[in-house]
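For reference, the structure is listed below as C-alpha cells.
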Amino acid sequence: MSIQLRILGASGGTTTHGGWKPLPFAWLKGSSGRAMGMVVAGGSGHRLETTSFLVNETILLDAGTGVGILSLNELQQIRHILITHSHLDHVASIAFMADSLFETTTTPILVHTSEETIAALKTHLFNNILWPDFTTLVNPLGIKVIEFVPFSSDAPITIDGLSIEMIPVSHTVPAVGYRIESGTHSFAYTGDTMTNDTFWEAINRHQKLDMLITECAFPVEMKEIAALSKHYDPDTLAADLNKLEIKTKVFLTHFKPGKEETILNDLRERVRDIRINPLMQDDTYQLK
Ligand SMILES: [Zn+2]
Ligand SMILES: [Zn+2]
C-alpha cells in the first residue's frame, strides 16, 4: 500500500514574511541537482506554519498551526491524531479542531499519544480554563468529539492499514517519534529531540525506510540554545546521522524561522554522504 504524506506545516514558528519560500526552487538551487519525487499540492505563498503532517487523509501526525490550511471537509476526514509531545507548536490545532467539529462529529477523533502527554494535555490545555474540556463534553448527538488513547512504545498499533511504532526520544518534556509502515513503504519522524540513541536504534531494527524526517531546529551559531531547549543543531544531528545503518532519504523540519538556509548549509557541510533535503510545507510526498 502506498503512503501519502501531505505537509501542512513544517516550521519551528509561524510567520508570514520569513524570507524562506516554501517552493521547490528554493532548495533545488542550493543543492546538487536532482529533483525528488514530490508533488506541489498548492502554494500558500510565504506563510510558515508549525508541525503537522496529514497521512493518507485520515491520520494527522502532530497538530500544529498547519492544520488551519485544511477545509472543513478535509478536517472531517481526520479520524486519528498521533502526537509526539505536549508543546503548543505540535498540539494547538487539536483545540481548534475539537471546536470546529463539535456539532457534526458522529464518532470521536482518537488522539493517540503517551500517558505523560495525555496527562499534560488534560491538565494544561483541556482544563476548562485555557480551553473547554472536549474530552468529556458531549455534542447534541451524544458523542465526544475527541478521545485520548494511551499509546506505548512497547506495543505498535495498526490504524487504517498502517503499522505505527512509537519511539521515545529526548526533549524537555516527555516526547516520542514515530515509524509508520504500510507493509511495502515506510517513513519515520523524530518529533522534537536532542541527541539520543533510542530513535536511531529503533529505525535500524528494520531493513528499509523510504523517508526519514528529522528536526534540526537551530543553526550551529545557536547551539547553546539548541542544547538548553533540547533540540538538534547541525553538529549533534550530523553525529546522530552517523548512527544510521540503513539507506534512506533525509528530510529536515522545524527550522527556526529566518535560519532555514543557514541550518541547511551547516548540515550539508557536515554530512557529505547523505543527501539532505528540507521538508517543504504544502508539498505532498508519495511513497509508492
Ligand atoms: Zn518541543
Ligand atoms: Zn516543536
inquiry  = Could you list, ordered by first residue, the pairs with Cβ atoms under 6 Å in which the first is in region 87-107 and on the phi < 0 side of the Ramachandran plot and assigned to a helix (DSSP H, G or I) and the second is within 16 Å of ligand 1 (Cβ to nearest atom) and among the acidic types (Asp, Glu), at least 6 apart or interchain?
reply    = His90/Asp62
task = Test Phe199 against the stated conditions and say whether it is hydrophobic (A, V, I, L, M, F, W, C), more than 20 Å from Arg270 (Cα to Cα) and within 15 Å of ligand 1 (Cβ to nearest atom).
result = yes
task = Answer yes or no as to whether Ile263 is among the hydrophobic types (A, V, I, L, M, F, W, C), in contact with a Cys (Cβ under 7 Å, 6 or more places away or on another chain) and closer than 20 Å to Thr51 by Cα.
result = yes
task = Would you check which residues across region 71-106 are more than 16 Å from ligand 1 (Cβ to nearest atom) and crowded, with 21+ Cβ neighbours inside 10 Å and list them?
result = Ile81, Met97, Ala98
query = Out of all the residues in region 203-210, is one or more of a type outside the set (Gly, Ala, Ser), over 19 Å from Arg272 (Cβ atoms), buried (at least 24 other Cβ atoms within 10 Å of the Cβ) and touching a Ser or Thr at 6+ places or on another chain (Cβ under 6 Å)?
reply = no
inquiry  = Looking at the structure I just gave you, is Glu115 of a type in the set (Asp, Glu), within 21 Å of His171 (Cα to Cα) and loosely packed, with under 14 Cβ neighbours inside 10 Å?
reply    = yes
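Within the bounds of region 63-80, is there any residue that is touching a Phe, Trp or Tyr at 6+ places or on another chain (Cβ under 7 Å) and either assigned to a loop (DSSP other than H, G, I, E, B) or away from ligand 2 (no atom under 16 Å from the Cβ) (or both)?
Within region 63-80 (the criterion being touching a Phe, Trp or Tyr at 6+ places or on another chain (Cβ under 7 Å) and either assigned to a loop (DSSP other than H, G, I, E, B) or away from ligand 2 (no atom under 16 Å from the Cβ) (or both)), the answer is no, since none of the residues qualifies.
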query = Looking only at residues in region 187-235 that are within 25 Å of Ser152 (Cβ to Cβ) and hydroxyl-bearing (Ser, Thr, Tyr), which one is farthest from ligand 2 (Cβ to nearest atom)?
reply = Thr198
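Yes/no matrix, rows are residues, columns are (1) modelled with pLDDT under 95; (2) more than 16 Å from ligand 2 (Cβ to nearest atom); (3) surrounded by fewer than 14 Cβ atoms within 10 Å (Cβ to Cβ):
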position: Thr14; (1), (2), (3): yes, no, no
position: Pro22; (1), (2), (3): yes, yes, no
position: Leu28; (1), (2), (3): yes, yes, no
position: Gly42; (1), (2), (3): yes, yes, yes
note = Within region 172-186, the residues that are under 17 Å from Thr158 (Cα atoms) and either without any contact (Cβ under 8 Å) to a residue 40 or more places away in the chain or part of a loop (DSSP other than H, G, I, E, B) (or both) are Arg179, Glu181, Ser182, Gly183, Thr184, His185
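Only residues that are assigned to a helix (DSSP H, G or I) and buried (at least 19 other Cβ atoms within 10 Å of the Cβ): list them for region 211-239, please. Quick ask: steps written out before the conclusion?
Going through region 211-239, the residues assigned to a helix (DSSP H, G or I) turn out to be 220-228, 234-239.
Result: Ala226, Pro234, Thr236, Leu237, Ala238.
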ask   = Does any residue of region 270-277 turn out to be of a type in the set (A, V, I, L, M), out of contact with any Ser or Thr (no Cβ under 9 Å at 6 or more places or on another chain) and more than 14 Å from Glu215 (Cα to Cα)?
value = yes
task = Taking Thr253 as the residue in question, decide whether it is surrounded by 18 or more Cβ atoms within 10 Å (Cβ to Cβ) and within 15 Å of ligand 2 (Cβ to nearest atom).
result = yes
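Taking the conditions exactly as written (of a type outside the set (Ser, Thr, Tyr) and either within 16 Å of ligand 1 (Cβ to nearest atom) or touching a strand residue (DSSP E or B) at 6+ places or on another chain (Cβ under 6 Å) (or both)), does Ile109 satisfy them or not?
Here the answer is yes, as Ile109 does meet what is asked.
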request  = For region 89-115, enumerate the residues that are within 16 Å of ligand 2 (Cβ to nearest atom) and either more than 17 Å from Val149 (Cα to Cα) or out of contact with any Phe, Trp or Tyr (no Cβ under 7 Å at 6 or more places or on another chain) (or both).
outcome  = Asp89, His90, Val91, Ala92, Ser93, Ile94
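The values are calculated or read from the model by the stated rules, or taken from the named source; none is laboratory data. These numbers were taken from a predicted model, which means no experiment stands behind them. No Cβ is skipped: glycine too gets one built from the backbone with ideal geometry, and neighbour counts run over all protein chains shown.
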